[in-house]
Amino acid sequence: NVVQVNDKNFKLEVVESGKYCLVEFYADWCRHCTKLSPIYEELADLYAGVEEVSVMKINGDKDGKRMVKKYDIPGFPMIRMFHGEEVIDYEGSRDLESLSNFIQQVSGVRLETKPYISSIKKLHDLNFQSEVLDNKVPSFIYFTKEKNCVKCTKSDLIFEKLSNVYANDNSSIQFGKVLVDESPSEKLIKQFGIYKYPQLFIFDSNRIVDGYRRPELYEGNFDIESIIGYLNKNFALHRDKKGRLLPSAGRIEIIDEYLERNYSGSSSIDFLQNFNNIIDKRVTNDKMIIYYKKLINKIMNGEEIYFEKELERLQRMLGNSSNLKSTSIDSIEKRINVLKFF
């Protein structure tokens, strides 16, 4: 929801818009700009539905050089509020609450906001055993530092985005962070052989290698697409980089394969019996099993018309999803994926 502007459209989009436009002047090479980016994006999301306010940014080192010169921008990032010809410098802290308060104070808009709460657990020597090693939920752990680590600034943003992508999958995987500068971590560094930063590990108590529960080092590229591909593959997750479910979500591969091989469009006691045997022997703890069973029973009872009506009903619900929780949307999309397979 951050609006990107440039020298050519700045006057039209900002000065003549009639809105209160909060504009960040930034540069790609600016470390502080990179650190501000996720906070600024969150700010834009908060004001996405407020007609009087627009959250914007302009690249002062590329297609915004003329505006940098015109408004005498001394450095990056620089945040200013524009309302017509009136310009107000922002001089507060670069956190979500302070920025939001500034917008409300200048514009007169009142917005009840909740501070952003990260789903990433803060870990250290004293809580790692209970939060990770004794936890039945697999953990994706990020070892990082603030000082003397250029790569860590970018990887911090990537890891935060990853935790948001999988926010609804916390029963399948949890995200944790060890910031070695700020917390006691000497024991962890020695125990897991941490010698460079950043590093990512999977801790899964269900995976036993050579008789030991050993963490697995992630050795792929440190970009969001590569890591999402890795997590989806290894933990049966189904997300794209925006956190949306893939068409494979909700589907159970072994059941799909059986149906493709054996279902001929006619009901059969043997077909149903074999289907139940597969579920009992090879599929465990999957909530979608109940839905598969329901659909199979509809087939056995000759209620094929149910599929079309159910698909229409679920798609209508998605069309009016503004009041639905994200977990409810996930549940609907999973059922739609299974219905489309049938």
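The values are calculated or read from the model by the stated rules, or taken from the named source; none is laboratory data. What you see is a predicted model; the values in this text were computed from it and never measured. Positions of Cβ are generated from backbone atoms using ideal geometry, with glycine treated the same way; all protein chains shown enter the neighbour counts.
Numbers at a glance
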item: Which listed residue is out of contact with any helix residue (DSSP H, G or I) (no Cβ under 7 Å at 6 or more places or on another chain), within 26 Å of residue 111 (Cβ to Cβ) and aromatic (Phe, Trp, Tyr), from 71, 40; result: 40
item: Criterion violated by residue 29 - all others in (1) surrounded by 15 or more Cβ atoms within 10 Å (Cβ to Cβ); (2) closer than 30 Å to residue 151 by Cβ satisfied; result: (1)
item: Of the criteria (1) in contact (Cβ under 8 Å) with a residue 60 or more places away in the chain; (2) of a type outside the set (Val, Ile, Thr); (3) surrounded by 12 or more Cβ atoms within 10 Å (Cβ to Cβ); (4) part of a loop (DSSP other than H, G, I, E, B), which one residue 136 fails; result: (3)
item: Residues (out of contact with any helix residue (DSSP H, G or I) (no Cβ under 8 Å at 6 or more places or on another chain), modelled with pLDDT under 70 and either of a type in the set (Ser, Thr, Tyr) or part of a helix (DSSP H, G or I) (or both)) located in region 249-267; result: 264, 266
item: Qualifying residue in region 147-154 (condition: in a helix (DSSP H, G or I) and charged (D, E, K, R)); result: yes
item: Single residue of 9, 59, 1 found to be over 22 Å from residue 110 (Cβ atoms) and surrounded by fewer than 17 Cβ atoms within 10 Å (Cβ to Cβ); result: 9
item: Tally, over region 62-81, of residues that are more than 13 Å from residue 24 (Cβ to Cβ), of a type outside the set (Lys, Arg) and surrounded by 13 or more Cβ atoms within 10 Å (Cβ to Cβ); result: 1
item: Which listed residue is within 21 Å of residue 160 (Cα to Cα), in a helix (DSSP H, G or I) and acidic (Asp, Glu), from 97, 13; result: 97
item: Close pairs from region 305-319: first within 16 Å of residue 342 (Cα to Cα), partner modelled with pLDDT of 90 or more and basic (Lys, Arg), Cβ under 7 Å, at least 6 apart; result: 314/335
